[in-house]
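Heads up, the thing below is written out as structure tokens.
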Amino acid sequence: MANNNEFRTCPDTGLQFHRPAETLMKLNAVVAVVFLLVGGILGLLLGLTRWPAIHLLGASDFYKVLTLHGIDVLIYWIIFFEIAVLYFTSSTLLKCRLATPRMAWLAFALMLIGAVTNNVAILQGNSSVMFTSYVPMQADPMFYLGLILFAVGALIASFVFLGTLVIARAEKTYEGSMPLVTFGALTAAIIAIFTIASGAIILIPTFLWSVGLIEGIDPIMYRVIWWAFGHSSQQINMATMVAVWYAVAAVAFGAKPLSEKMCRSAFLLYILFLQLASAHHILVDPGISSTWKIFNTSYAMYLAVLASMIHGLTVPGAIEAAQRKRGFNKGLFEWLRKAPWSNPSFSGVFLSIIIFGFLGGISGVVMGTEQINLIIHNTLYVPGHFHATVATGTTLAFMALTYWLVPVLFRRQVIFPKLASLQPYLFGLGMSGVALFMMGAGTLGIPRRHWDITFADSPLTHNFPEMANALLGFMGVSVLLAVVGGGLFCLLIVGSLLFGKRLSLTEKGETPLIAEPVTSYEGVGIGKIVAPGTLVLAMVFLTAFVLYYFINWKFLSQTWGLS
Amino acid sequence: MSSLLPPPDRIWWKEPLERVELIWVAIALVWSIVMFFMMPYWHVYGKQNVSNEAYKTTPEAFKAKTEAMVEQYTVRTETAGNIPVVRPPVGDVYLLARLWEWWPILELEKDQSYRLHIASLDWQHGFSLQPANINLQVLPGYEMVVTVTPNKSGEYSIVCNEYCGIGHHRMIGKIYVTE
Ligand code: HEM
Ligand SMILES: [Cu+2]
Ligand SMILES: [Cu+2]
């Protein structure tokens, strides 16, 4: 073990923080929250523009803000936070020094410089190309360069994580296999390396094309490779989010996995099959064979979807079993009724699981079905879907973890605890509304990325159903609620870091910050089922899934014949 | 041990599974297989499938083919910009996308099948036929051929739903379907 002065032991949780790792976790997390704040404000402007009664921004500002919002939240908020999680799950959970802190600093610097360069390019106004930057529409070279620098930084950070795992193993800082949460983070890091390689393969030529060194880029090739990057990066988010779910279940309930084997196998399925999914973005593109589409869009017969369905059961299942072991063993749902609903770490994760699964998961599988994509592609349904997955699911999970990191990592108390308990509900409810109403409007054909669905300045026009206007209005109201919830989070966290009561670095605080680990699930549950309540919830989920899936086939069967 | 700590059994892959996990995996696996087979099933029995037919093309070539059709089959023009309305016989029909219009306006007959060729002359566009809600990606350099069979008469709009620059929200076209 390295020099003990380089480590701080948290008196409340017993976790050991390597000081350089600790600083880097803090920095990455704080920068992430700043991007979330900026992105949330931009989201408000977008929501108020797509609310027909308000229609706030002008067209060119709308497209600029849309590009910026997509990139700031989807890439910078999420990935900066993920890097903090990678360092936490490697260095802290394995009680190991961070490999090459200098490289980790370099990674951070590159990411920050890249993000700022890219933001400035967008703000200057000639890079309103959306985060997908489909060729042959061209952005300023600085736009691509910023993204590339950021990606290189993220790649280095992923290697620092892997290096830390190697050191921990070599120096035997832990016994046996690595913890499940670290295993999940490892999954994320492996996918990240594949992802960033795809990003480099497509963004570097695109950059060279933007400065005139390459003649042109084939649009279909661009879309296939870009999505190998764009979609896989969602799998990094998935894997990290699930790791955070397991982490919070352990922190709040001392939950152990129902079985290590099942959870880890499900992560392995992610590594094996998630990358295939770039296909579901090109289901209605010209010239791609259906056989290829079917195999890829289903992630090889839905094996990766299966993995997510497994995590969707095993996380709440572990929470249930742990609660039962703690004495809430009556009936089907005592464990849930008596859960700590006012603890924002728990409620955040619980809402994340429910919203991710019911709204994001189901809609994603449905619209990723080869033929059903015909009635959904590029409508507002698509942003509806990913505001349920990454914008609510992943974001809420990260928010939940942050409430716990404030005292543990930053040694400050969260200010205004009452407001903090309320915050996940505000954000979760608002964002669910945003997602649902976007999906509803999309079902009625409302296009995504569209400034004027009344077509006021065109020679021809189209009248969308009245209902669509109403849905967009409801979306606008939900946007307000979501922004209040999201803004409250940023204020609470920044406020706590600046003004929260300091906690001692050496003495235990009065509120416990981590639950005693449960060691076995012997004797809980009903019959031989340790988590019967969760199984019931899972069956409700499946029923909703099956019904909604076939309703969409029905919708499809009513439109024009196509072949 | 909790998920934050190393598992007690070093050899975690030999640990027994919980019964609740087995039940759920079995159910979820069956459902995954059902969903998988729905796609090939629909290729055989369904009436709405994505076409696999596409050709490489150039803006000039595609424009020439579309213009030839317009020349031959225009029945009238509409709007101040005199957009041609074309009523082609059953067979091959052409629709081009460019900044920021769908050209020309097509007039088709209900329950007839047409081979609709679509390509972009410049950037990427999104063909979104409303209210039928059929959505296709339109790329420059690729000519997609979809066989369409309108099942209801009326006026349809083609909205552009792939962002294509500052005139994106003005890009709208028409298809009329007659009895
Ligand atoms: C306060 C919360 C948020 C609000 C009110 C909000 C609202 C919106 C709105 C109205 C759009 C425009 C949809 C369109 O016209 O096509 C949009 C797009 C988008 N949002 Fe959000 N959003 C929020 C948070 C997030 C978060 C946290 C993420 C990701 C982690 C996210 C990712 C995206 C992406 C990727 C797009 C698509 C950009 C594009 O089409 O290029 N949003 N959002
Ligand atoms: Cu267009
Ligand atoms: Cu467009």
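Where a number appears in this text, it was derived from the coordinates with a stated rule and is not lab data. Source: prediction; values computed, not measured. Cβ: placed from backbone, ideal geometry, glycine included. Neighbour counts: every protein chain shown.
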Cubic angstrom per residue, convex hull over Cα atoms of the stretch A:238-339 = 111 Å³
When a footprinting reagent is the concern and you count Cβ atoms within 10 Å, what order do A:I41, A:I167 take, fewest first?
-> A:I41, A:I167
Highest GNM mean-square fluctuation among B:Y156, B:Y73, B:Y45, for chain B with Cα springs under 10 Å, belongs to B:Y45
Between the helical axis of A:299-325 and the dominant principal axis of chain A, each derived from Cα atoms, what acute angle in degrees is found, rounded to the nearest 10?
-> 40 degrees
What are the ³J(HN,Hα) values, in whole Hz, obtained from phi via the Karplus relation 6.51 cos²θ - 1.76 cosθ + 1.60 with θ = phi - 60°, for each residue of the stretch A:455-470 in sequence order, with x given for Gly and Pro?
-> 6, 4, 9, 10, x, 10, 8, 8, 9, 6, x, 3, 3, 5, 4, 4
What angle, in degrees between 0 and 90 and rounded to the nearest 10, separates the Cα long axis of helix B:19-45 from the longest principal axis of the Cα atoms of chain B?
-> 20 degrees
Ranked B:C164, A:C10, criterion: other C-beta atoms within 10 Å, fewest first | A:C10, B:C164
For A:59-65, what's the mean count of beta carbons from other chains sitting within 10 Å of each residue's beta carbon?
-> 2
Given N residues in the stretch A:20-559, what is Rg(Cα) / (2.2 N^0.38 Å)?
-> 0.95
Among B:P16, B:P88, B:P140, which one moves the most in a GNM of chain B with springs linking Cα atoms closer than 10 Å?
-> B:P16
Taking the simple approach of a point 7 Å from Cα along Cα-to-Cβ for both B:Q112 and A:S520, what is their distance in nm?
-> 7.8 nm
3J(HN,Hα) from dihedral phi, the stretch A:174-183, Karplus parametrisation 6.51/-1.76/1.60, rounded to Hz, x for glycine, proline = 9, 9, x, 7, 6, x, 4, 5, 5, 4
Karplus-derived 3J(HN,Hα), 6.51/-1.76/1.60, for each residue of the stretch A:285-297, Hz, glycine and proline x = 8, x, x, 10, 6, 5, 4, 4, 4, 5, 5, 6, 5
Packing-based exposure ordering (other Cβ within 10 Å, fewest first) of A:M130, A:M467 = A:M467, A:M130
What are the semi-axes of the equivalent ellipsoid of the stretch B:1-117, taken as the square roots of 5 times the eigenvalues of the Cα gyration tensor, listed largest first and rounded to whole Å?
-> 58, 19, 13
Does anyone have the angle between helix A:59-71 and the longest principal axis of chain A? Alpha-carbon axes, 0 to 90°, nearest 10?
-> 30 degrees
Mean per-residue count of partner chain Cβ within 10 Å for A:172-185 equals 4
Output the Kirkwood hydrodynamic radius of the stretch B:52-178, Cα pairs only, in Å rounded to one decimal.
-> 14.4 Å
What's the average, rounded to a whole number, of partner chain beta-carbon atoms within 10 Å of each residue's beta-carbon in B:40-50?
-> 6
Could you work out the Rg to Rh ratio of the stretch A:433-562, with Rh taken as the Kirkwood radius (inverse of the mean 1/r over all Cα pairs)?
-> 1.18
Go ahead and estimate [θ] at 222 nm for chain A from helices alone: -39,500 (n - 2.57) per DSSP H run with n ≥ 4, summed, over the residue count, rounded to 500.
-> -21500 deg cm²/dmol
Between B:K56 and B:R10, with labels modelled 7 Å along Cα→Cβ, what's the label distance in nm to one decimal, could you check?
-> 5.8 nm
A:K338 versus A:T461: modelled label distance in nm, points set 7 Å from Cα along the beta carbon direction = 6.3 nm
Can you tell me how much longer the chain between A:K330 and A:I201 gets when fully stretched, taken as 0.36 nm per residue apart minus their C-alpha distance, in nm with one decimal?
-> 40.9 nm
Violating pairs (Cα-Cα greater than 20 angstrom) within the set A:K325/A:K528; A:K256/A:K528; A:K256/A:K418; A:K418/A:K501 | A:K256/A:K418
Using only Cα positions of the stretch A:196-293, each an equal point scatterer, no hydration layer, compute I(q)/I(0) via Debye at q = 0.14 Å⁻¹ and quote the log10 values to two decimals.
-> -0.69
Eligible lysines near A:K95 by straight Cα distance, threshold 16 Å, same-chain separation 8 or greater = A:K172
